[in-house]
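Data first, discussion second: the structure below is written as structure tokens.
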């Protein structure tokens with residue numbers, strides 16, 4: 001059964017557009033599962049789904065229809081301003097679909113050295129990156145962590161075995177630890193200091209785990225994204241000296257660093273020196 005773990009909020013039914021009878025959308029309900037986490041279930045819509053003009057996965061419309069199962073009371077409609085989606089469309093921008101971009105994505109994935117038994121986490125990944133990862137690198141566990149509920153729904157609809165968690169990286173539950181590979185695909189979108197990110201990962205990673213920080217188009221494109229998407233891109237990519245210092249403070253050692261105008265890649269290994 002499709003399931004997406006979400007931060008706490010009342011049961012919701014999301015306003016996806018109308019489909020033909022053959023592709024009729026089943027209710028996408030978020031119901032109480034355990035504690036203060038909620039699960040998104042029965043999300044069934046066509047993979048070739050194209051939103052209409054009134055709604056898109058990158059919409060900022062705040063209206064959400066809040067629903068509860070028939071045995072839990074009446075249905076109501078509520079405006080949830082806090083659930084407005086940020087615009088993540090730039091992660092899968094059409095201009096990125098080039099041979100060079102594909103090669104860079106391949107380099108990022110290869111840097112993780114994923115094995116069949118690896119437990120892998122992807123933070124703020126594009127849908128295309130997740131597709132490539134699933135196609136090329138089978139693993140024991142794949143966990144996608146993202147701010148966008150709609151992106152996670154798309155991923156979950158295609159890959160039921162992939163775990164999805166909506167929320168901030170530093171709040172990911174320990175139940176998925178220890179992690180063997182962590183991809184910080186778009187670090188500048190994380191609203192936390194680098195020290196806090198490394199501190200969290202040091203508690204979640206296995207000895208020898210690989211941490212891959214990347215931007216497939218490098219600093220030049222990042223600067224453009226930062227100007228255009230100020231509510232999403234909140235920081236810069238770390239330089240080598242700052243990254244090495246912060247990493248060392250949390251038992252990570254740098255094994256590779258590339259900072260070209262059109263490509264950024266930093267690979268670190270967790271040594272677990274605490275023991």
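The values are calculated or read from the model by the stated rules, or taken from the named source; none is laboratory data. The shown structure was predicted, so the numbers you read here are calculated from the model rather than taken from an experiment. FYI the Cβ positions are ideal-geometry reconstructions off the backbone, even for glycines, and counts take in every protein chain you see.
Assorted remarks:
- Going through (1) touching a helix residue (DSSP H, G or I) at 6+ places or on another chain (Cβ under 8 Å); (2) surrounded by 22 or more Cβ atoms within 10 Å (Cβ to Cβ) one by one, residue 170 falls short only on (2).
- Residue count for segment 184-195 satisfying the condition of being closer than 16 Å to residue 247 by Cβ and crowded, with 21+ Cβ neighbours inside 10 Å: 2.
- When residues of segment 196-254 are limited to those that are touching a residue at least 24 places away in the same chain (Cβ under 8 Å), over 20 Å from the mean Cα position of the chain (by Cα) and part of a strand (DSSP E or B), the one surrounded by the fewest Cβ atoms within 10 Å (Cβ to Cβ): 208
- Among the residues of this structure, residue 245 counts as one that is modelled with pLDDT of 95 or more and farther than 22 Å from residue 130 by Cβ.
- Just one of the numbered conditions (1) in a loop (DSSP other than H, G, I, E, B); (2) surrounded by fewer than 19 Cβ atoms within 10 Å (Cβ to Cβ); (3) at pLDDT 95 or above is not true of residue 86: (3).
- Residue 114 being buried (at least 19 other Cβ atoms within 10 Å of the Cβ), in contact (Cβ under 8 Å) with a residue 60 or more places away in the chain and farther than 21 Å from residue 236 by Cα: yes
- Residue within segment 181-194 that is more than 16 Å from residue 119 (Cβ to Cβ), part of a loop (DSSP other than H, G, I, E, B), touching a residue at least 24 places away in the same chain (Cβ under 8 Å) and over 11 Å from the mean Cα position of the chain (by Cα) present: yes
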